[in-house]
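> Would you mind keeping the following structure in view while I ask a few things?
The values are calculated or read from the model by the stated rules, or taken from the named source; none is laboratory data. Bear in mind the structure is a predicted one, so any value in this text is a computation, not a measurement. Here the Cβ is made from the backbone with ideal geometry for all residues, glycine too, and neighbour counts use every protein chain on show.
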Amino acid sequence: MKTKLPKCSDVVRHICEQLDADINSRQCRQIKRHLEHCPNCRAYLESLKKTVQLYKAFSPPPMPQRLLIRSKIRRARKAH
Amino acid sequence: MSSAQQHERVEPSILRQAAEGDERAFAKLVHGYEELVYRFSFQVCRDRDKAAETVQDTFINVYRKLKQFDGRSKFTTWLYSIVVNNCLMKRRRGKLQQATLAIGPTEGFRDEPLRDEDGQVIQTVPSWKETPLDSVMNSELKSLLDKAILKLPMDYRIVFVLRDVEGQPAEEVAKVLKLSVPAVKSRLRRARMFLREQLHEYMKA
């Protein structure tokens, strides 16, 4: 019996929730097959991965006044 | 290895000594975790002064509550809960927003895709351009990333940062926010979709 492949909307929903999921489950194998034939879902998946990568790569500026903050924490602790 | 796992290295004996009032042990605790608290706070509030203030408030709370930490959860999970409470208090709100999140339609997306004469799907969803990451990320993009994430309701934002940026497992995120795992997954899915839509206009090739 031929298994019905998931629709684009199902694929998008799945990859949005399971971006880093195990790709060997039955559902993931179907998603993988869909992705092989669908440039739209591939483009969506890549853009979603890029979104996460950009936020991961965004390094915060160095922490300001580190020593002052440590000393404030010490003072607050002693006053407690 | 997630950033939190990298920091899960302060010995349990240090935690115990700090809880008993040992000044040097507590200083070790602050030195060991201040970067994690600062980075997480910054990712959530996108403001370095507010993030630094959160570091201060968090460790004062840690000192007050450390005796209550029973070691049943990971220390980082407990610590994240305190940071989250501090972030929320800075917004003068006692609890998480229960806001809905409106996500716009995806450009070029059709559930019945267009096909060429051979039956091959024609790409209608634009690909994104190649963008260098981190050190050479331009200020326009940085500003866009800030604006986009600040539009997310706080509970969605915290889920996204903990799960995707800090690399915490969904189960730990659920414990920090006192949500169910399916609720965390649902917020994560919507947060990712929302941020992707916010960046799309700038990022499309």
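> Given the conditions (1) modelled with pLDDT under 85; (2) hydrophobic (A, V, I, L, M, F, W, C); (3) farther than 25 Å from residue A:59 by Cα; (4) part of a helix (DSSP H, G or I), report the number of the one that residue B:101 does not fulfil.
(4)
> What about residue B:37, is it within 16 Å of the chain's Cα centre (by Cα), in a helix (DSSP H, G or I) and in contact (Cβ under 8 Å) with a residue 60 or more places away in the chain?
For residue B:37, the condition - within 16 Å of the chain's Cα centre (by Cα), in a helix (DSSP H, G or I) and in contact (Cβ under 8 Å) with a residue 60 or more places away in the chain - is not met.
> Could you tell me how many of the residues in the range B:26-53 are surrounded by fewer than 23 Cβ atoms within 10 Å (Cβ to Cβ) and touching a His at 6+ places or on another chain (Cβ under 7 Å)?
2
> Right, another one. Please determine whether any residue of the range A:3-11 is more than 7 Å from every other protein chain (Cβ to nearest Cβ), surrounded by fewer than 16 Cβ atoms within 10 Å (Cβ to Cβ) and either closer than 23 Å to residue B:41 by Cβ or of a type in the set (D, E, K, R) (or both).
Yes, the range A:3-11 contains at least one residue that is more than 7 Å from every other protein chain (Cβ to nearest Cβ), surrounded by fewer than 16 Cβ atoms within 10 Å (Cβ to Cβ) and either closer than 23 Å to residue B:41 by Cβ or of a type in the set (D, E, K, R) (or both).
Results for (1) charged (D, E, K, R); (2) within 11 Å of chain A (Cβ to nearest Cβ); (3) within 26 Å of residue B:36 (Cβ to Cβ), shown as yes or no for each residue.
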position	(1), (2), (3)
B:108	no, yes, no
B:123	no, yes, no
B:137	no, yes, yes
B:153	no, no, yes
B:171	yes, no, yes
B:195	no, yes, yes
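> Would you mention how many residues in the range B:24-34 are more than 11 Å from chain A (Cβ to nearest Cβ) and either hydrophobic (A, V, I, L, M, F, W, C) or outside any helix (DSSP H, G or I) (or both)?
Looking only at that region, the number is 1.
> Considering only the range B:35-58, state which residues are among the hydrophobic types (A, V, I, L, M, F, W, C) and more than 9 Å from chain A (Cβ to nearest Cβ).
B:36, B:37, B:40, B:44, B:45
> Residues that are among the basic types (Lys, Arg) and within 10 Å of chain B (Cβ to nearest Cβ): does the range A:19-39 have at least one?
No: zero hits.
> So if I check each of A:48, A:67, A:35, which one is surrounded by 14 or more Cβ atoms within 10 Å (Cβ to Cβ) and farther than 27 Å from residue B:158 by Cα?
A:35
> Residue A:25 - would you say it is hydroxyl-bearing (Ser, Thr, Tyr), surrounded by fewer than 16 Cβ atoms within 10 Å (Cβ to Cβ) and out of contact with any Lys or Arg (no Cβ under 9 Å at 6 or more places or on another chain)?
Yes, satisfied.
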